[in-house]
Amino acid sequence: MKRIFTILLAAVTVMSCGNNPQNSAIQKTESITMNLYYTGTDGNARKFVEEMESSGTADAIRAEEGNLRYDYFFSAADPETVLLIDSWTSQEAIDAHHATPMMHTIADLREKYDLHMSAERYCRAEEDVPATDQSFIRK
(Lines give C-alpha, C1' and ligand atoms only; values in the text may rest on other atoms or scores of the structure.)
Protein backbone atom coordinates (compact mmCIF):
# COMPACT_ATOMS: atom_id res chain seq x y z
CA MET A 1 0.00 0.00 0.00
CA LYS A 2 2.77 2.46 0.89
CA ARG A 3 4.52 1.75 -2.41
CA ILE A 4 1.33 2.28 -4.42
CA PHE A 5 0.69 5.61 -2.69
CA THR A 6 4.28 6.72 -3.18
CA ILE A 7 4.08 5.95 -6.90
CA LEU A 8 0.71 7.72 -7.21
CA LEU A 9 1.93 10.74 -5.29
CA ALA A 10 5.12 10.93 -7.32
CA ALA A 11 3.14 10.80 -10.55
CA VAL A 12 0.77 13.50 -9.37
CA THR A 13 3.49 15.83 -8.12
CA VAL A 14 5.64 15.49 -11.23
CA MET A 15 2.77 16.81 -13.32
CA SER A 16 2.76 20.58 -13.39
CA CYS A 17 -0.43 22.55 -13.53
CA GLY A 18 1.13 24.88 -16.04
CA ASN A 19 2.97 22.59 -18.44
CA ASN A 20 1.72 24.65 -21.37
CA PRO A 21 4.58 26.98 -22.45
CA GLN A 22 2.00 29.65 -23.24
CA ASN A 23 1.20 29.74 -19.52
CA SER A 24 4.79 30.30 -18.36
CA ALA A 25 3.95 33.69 -16.85
CA ILE A 26 1.11 32.14 -14.84
CA GLN A 27 3.30 29.34 -13.45
CA LYS A 28 5.09 31.73 -11.13
CA THR A 29 1.89 33.08 -9.58
CA GLU A 30 -0.20 30.01 -8.95
CA SER A 31 -0.75 27.96 -5.85
CA ILE A 32 -1.33 24.22 -5.95
CA THR A 33 -4.20 22.48 -4.20
CA MET A 34 -4.43 18.74 -3.74
CA ASN A 35 -7.78 17.17 -2.94
CA LEU A 36 -6.96 13.87 -1.28
CA TYR A 37 -9.80 11.45 -0.64
CA TYR A 38 -9.19 8.89 2.11
CA THR A 39 -11.61 5.96 2.10
CA GLY A 40 -11.80 3.14 4.63
CA THR A 41 -14.27 1.00 6.52
CA ASP A 42 -15.68 0.96 10.05
CA GLY A 43 -15.03 4.68 10.58
CA ASN A 44 -11.29 4.33 9.97
CA ALA A 45 -11.01 7.46 7.82
CA ARG A 46 -12.47 9.52 10.65
CA LYS A 47 -10.14 7.81 13.16
CA PHE A 48 -7.20 8.67 10.89
CA VAL A 49 -8.18 12.35 10.94
CA GLU A 50 -8.66 12.30 14.71
CA GLU A 51 -5.16 10.87 15.17
CA MET A 52 -3.61 13.32 12.67
CA GLU A 53 -5.15 16.18 14.67
CA SER A 54 -4.59 14.86 18.20
CA SER A 55 -0.96 13.89 17.51
CA GLY A 56 -0.11 17.39 16.29
CA THR A 57 0.91 16.11 12.86
CA ALA A 58 -1.73 18.16 11.04
CA ASP A 59 -0.73 21.33 12.93
CA ALA A 60 2.94 20.70 12.13
CA ILE A 61 2.07 20.48 8.43
CA ARG A 62 0.01 23.69 8.67
CA ALA A 63 3.09 25.40 10.14
CA GLU A 64 5.37 24.34 7.29
CA GLU A 65 6.72 27.06 5.04
CA GLY A 66 4.55 27.31 1.93
CA ASN A 67 1.47 25.60 3.37
CA LEU A 68 -1.67 27.62 2.71
CA ARG A 69 -4.31 25.16 3.86
CA TYR A 70 -4.53 21.71 5.41
CA ASP A 71 -8.15 20.96 6.29
CA TYR A 72 -10.20 17.78 6.53
CA PHE A 73 -13.87 17.55 5.53
CA PHE A 74 -16.34 14.75 6.14
CA SER A 75 -18.70 13.64 3.38
CA ALA A 76 -22.43 13.82 4.05
CA ALA A 77 -23.03 11.22 1.33
CA ASP A 78 -20.24 8.78 2.22
CA PRO A 79 -19.37 8.46 5.93
CA GLU A 80 -16.37 6.26 5.08
CA THR A 81 -14.62 8.97 3.02
CA VAL A 82 -12.73 12.03 4.22
CA LEU A 83 -11.52 14.85 1.98
CA LEU A 84 -8.25 16.62 2.73
CA ILE A 85 -7.78 19.96 1.02
CA ASP A 86 -4.03 20.55 1.02
CA SER A 87 -2.81 23.82 -0.58
CA TRP A 88 0.74 25.01 -1.13
CA THR A 89 2.42 28.11 -2.55
CA SER A 90 4.49 26.15 -5.07
CA GLN A 91 5.71 22.76 -6.23
CA GLU A 92 8.94 23.44 -4.34
CA ALA A 93 6.97 23.78 -1.09
CA ILE A 94 5.22 20.45 -1.81
CA ASP A 95 8.57 18.79 -2.55
CA ALA A 96 10.01 20.10 0.72
CA HIS A 97 6.95 18.77 2.58
CA HIS A 98 7.34 15.37 0.93
CA ALA A 99 10.94 15.24 2.19
CA THR A 100 9.92 15.65 5.85
CA PRO A 101 9.65 12.82 8.38
CA MET A 102 5.93 13.63 8.66
CA MET A 103 5.34 11.78 5.39
CA HIS A 104 6.42 8.57 7.12
CA THR A 105 4.03 9.31 9.98
CA ILE A 106 1.18 9.87 7.52
CA ALA A 107 2.04 6.68 5.59
CA ASP A 108 2.13 4.67 8.83
CA LEU A 109 -1.28 6.03 9.87
CA ARG A 110 -2.78 5.29 6.45
CA GLU A 111 -1.50 1.74 6.80
CA LYS A 112 -2.75 1.46 10.39
CA TYR A 113 -6.27 2.47 9.32
CA ASP A 114 -6.13 0.61 5.98
CA LEU A 115 -7.08 3.66 3.95
CA HIS A 116 -7.22 3.87 0.18
CA MET A 117 -6.72 7.14 -1.63
CA SER A 118 -7.46 9.08 -4.74
CA ALA A 119 -6.06 12.49 -5.60
CA GLU A 120 -6.97 15.52 -7.66
CA ARG A 121 -4.61 18.39 -8.39
CA TYR A 122 -5.67 21.97 -9.05
CA CYS A 123 -3.78 25.16 -9.72
CA ARG A 124 -5.07 28.61 -8.98
CA ALA A 125 -3.70 31.45 -11.02
CA GLU A 126 -3.85 35.04 -9.83
CA GLU A 127 -6.27 35.76 -12.66
CA ASP A 128 -8.58 33.30 -10.90
CA VAL A 129 -12.30 33.38 -11.72
CA PRO A 130 -13.22 34.74 -15.17
CA ALA A 131 -15.66 37.65 -15.28
CA THR A 132 -18.16 35.41 -17.09
CA ASP A 133 -18.33 33.20 -13.97
CA GLN A 134 -18.43 36.01 -11.39
CA SER A 135 -22.22 36.43 -11.72
CA PHE A 136 -22.70 32.89 -10.35
CA ILE A 137 -20.72 33.54 -7.16
CA ARG A 138 -22.58 35.07 -4.24
CA LYS A 139 -20.16 36.90 -1.97
- Query: Say we look at the stretch 103-139 and pick out the residues that are of a type in the set (A, V, I, L, M), out of contact with any strand residue (DSSP E or B) (no Cβ under 7 Å at 6 or more places or on another chain) and open to solvent by less than 40 Å² (accessible area, probe 1.4 Å); which of these is farthest from Arg62 (Cα to Cα)?
  - Reply: Ala125
- Using the structure shown, decide if Gly66 is among the small types (Gly, Ala, Ser), under 18 Å from His116 (Cβ atoms), at pLDDT 95 or above and open to solvent by less than 50 Å² (accessible area, probe 1.4 Å). no
- Answer yes or no: is there a residue in the stretch 26-34 that is surrounded by 17 or more Cβ atoms within 10 Å (Cβ to Cβ), assigned to a helix (DSSP H, G or I) and at pLDDT below 95. yes
- Item | Selected residue (criterion: nearest to the chain's Cα centre (by Cα)) from residues of the stretch 89-113 that are assigned to a helix (DSSP H, G or I) and among the polar types (S, T, N, Q) | Gln91
- Residue selected from the stretch 123-136 under the condition at pLDDT 75 or above and more than 21 Å from the chain's Cα centre (by Cα), by the criterion nearest to Glu30 (Cα to Cα): Pro130
- Message: Please go through the stretch 69-92 and give me each residue that is buried (at least 19 other Cβ atoms within 10 Å of the Cβ) and either within 16 Å of Met103 (Cβ to Cβ) or among the basic types (Lys, Arg) (or both), ordered by number.
- Response: Tyr70, Leu84, Asp86, Trp88, Gln91
- Mind checking which residues of the stretch 114-139 are part of a strand (DSSP E or B) and not acidic (Asp, Glu)? His116, Met117, Ser118, Ala119, Arg121, Tyr122, Cys123, Arg124
- Restricting attention to the stretch 35-63, and to residues there that are touching a helix residue (DSSP H, G or I) at 6+ places or on another chain (Cβ under 7 Å) and assigned to a strand (DSSP E or B), which single residue is least open to solvent (accessible area, probe 1.4 Å)? Tyr38
- Message: Where the second residue is surrounded by 13 or more Cβ atoms within 10 Å (Cβ to Cβ) and of a type outside the set (Gly, Ala, Ser) and the first is on the phi > 0 side of the Ramachandran plot and lies in the stretch 65-87, which pairs have Cβ atoms under 6 Å and are six or more apart or on separate chains?
- Response: Gly66/Trp88; Gly66/Thr89
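The values are calculated or read from the model by the stated rules, or taken from the named source; none is laboratory data. The model shown is predicted, which means the values in this text are computed figures rather than measured ones. FYI the Cβ positions are ideal-geometry reconstructions off the backbone, even for glycines, and counts take in every protein chain you see. For the accessible areas, the whole protein counts, side chains as well, though only heavy atoms, and no ligand, DNA or RNA atoms are used. Shrake-Rupley method; radii C 1.70, N 1.55, O 1.52, S 1.80 Å.
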